[in-house]
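The values are calculated or read from the model by the stated rules, or taken from the named source; none is laboratory data. This structure is a prediction, so every number in the text was calculated from the model and none was measured. Methodologically, a virtual Cβ is constructed for each residue, glycine included, from the backbone with ideal geometry; neighbour enumeration extends over all protein chains shown. We work out accessible area using only protein heavy atoms, side chains counted, and drop any ligands, DNA or RNA first. Shrake-Rupley method; radii C 1.70, N 1.55, O 1.52, S 1.80 Å.
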Amino acid sequence: MLTKVSTPKAPAAIGPYSQGIIANGMLFASGQIPIIPESGELQDGDITAQAQQVMLNIGEILKEAGTDYEHVVKTTCFLADMNDFAAFNSVYEKYFTGKPARSCVAVKQLPKNVLCEVEVIAVL
């Protein structure tokens, strides 16, 4: 059985997808970009400011699903510019202290021209 995860404390899906899906005791969360949920506006600023908002959005989805950062087993991180790698990591490591498995790649372009996007898989 699949259960959709939805919370107004994270950005609403901007396409034909869910914020997350629970299946077999696992949360599969859609990629989060730095949208401020209350306003629907993008977080202004550099990679640090945008990564911080992404992590807050992920935290709300994790909470809604009944889990937390410590139970994340895999992340996939997308950066608009690999030169932001170190600054992105300085934010990322504050949240993912359990050091889950991870992929991090630079991509040509992200939705709404943001600087980063992160998706997670977590155990409930």
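Given the criteria modelled with pLDDT of 95 or more, farther than 29 Å from residue 83 by Cα and out of contact with any Cys (no Cβ under 8 Å at 6 or more places or on another chain), does residue 48 qualify?
Numbers: modelled with pLDDT of 95 or more: yes; farther than 29 Å from residue 83 by Cα: no; out of contact with any Cys (no Cβ under 8 Å at 6 or more places or on another chain): yes.
So residue 48 does not fit the description; no.
Among 29, 12, 65, which is free of Cβ contacts under 8 Å to residues at least 40 places away in the same chain and among the aliphatic types (A, V, I, L, M)?
When all the criteria are applied, what remains is 12.
Could you tell me whether any residue of the range 56-71 is of a type in the set (Phe, Trp, Tyr) and within 17 Å of residue 26 (Cβ to Cβ)? Working first, answer last.
Going residue by residue through the range 56-71, those that are of a type in the set (Phe, Trp, Tyr) are 69.
Narrowing the set further to residues that are within 17 Å of residue 26 (Cβ to Cβ) leaves 69.
Yes, there is a match, as at least one residue in the range 56-71 is of a type in the set (Phe, Trp, Tyr) and within 17 Å of residue 26 (Cβ to Cβ).
Of 123, 114, 72, 105, which residue is within 20 Å of residue 45 (Cα to Cα) and at pLDDT 95 or above?
Working: 123 fails: within 20 Å of residue 45 (Cα to Cα); 72 fails: within 20 Å of residue 45 (Cα to Cα); 105 fails: within 20 Å of residue 45 (Cα to Cα).
When all the criteria are applied, what remains is 114.
Given the criteria over 26 Å from residue 40 (Cα atoms) and β-branched (Val, Ile, Thr), does residue 91 qualify?
Values: over 26 Å from residue 40 (Cα atoms): no; β-branched (Val, Ile, Thr): yes.
Answer is no for this residue.
Within the range 18-37, which residues are part of a loop (DSSP other than H, G, I, E, B) and either surrounded by 12 or more Cβ atoms within 10 Å (Cβ to Cβ) or at pLDDT below 95 (or both)?
So the first thing to find is which residues in the range 18-37 are part of a loop (DSSP other than H, G, I, E, B), and the list is 18-19, 24-25, 33-34, 36-37.
If the condition is that a residue be part of a loop (DSSP other than H, G, I, E, B) and either surrounded by 12 or more Cβ atoms within 10 Å (Cβ to Cβ) or at pLDDT below 95 (or both), then 18, 19, 33, 34, 36, 37 are the ones that fit.
Just checking: which of the strands (runs of 3 or more DSSP E) contained wholly in the range 40-124 hold 2 or more residues that are open to solvent by less than 60 Å² (accessible area, probe 1.4 Å) and hydroxyl-bearing (Ser, Thr, Tyr)? Can you show your working first?
Numbers: elements: 72-79, 101-106, 116-123.
Per the criteria, 72-79.
Can you name the residue in the range 3-16 that is open to solvent by 80 Å² or more (accessible area, probe 1.4 Å) and modelled with pLDDT under 95 and, of all such residues, is farthest from residue 78 (Cα to Cα)? Write out each step before concluding.
Just the residues of the range 3-16 that are open to solvent by 80 Å² or more (accessible area, probe 1.4 Å), to begin with: 4, 6, 8-9, 14, 16.
The next check asks that each one be modelled with pLDDT under 95; those that pass are 14, 16.
Working: 14: 18, 16: 20 Å.
So, considering only residues that are open to solvent by 80 Å² or more (accessible area, probe 1.4 Å) and modelled with pLDDT under 95, the one farthest from residue 78 (Cα to Cα) is 16.
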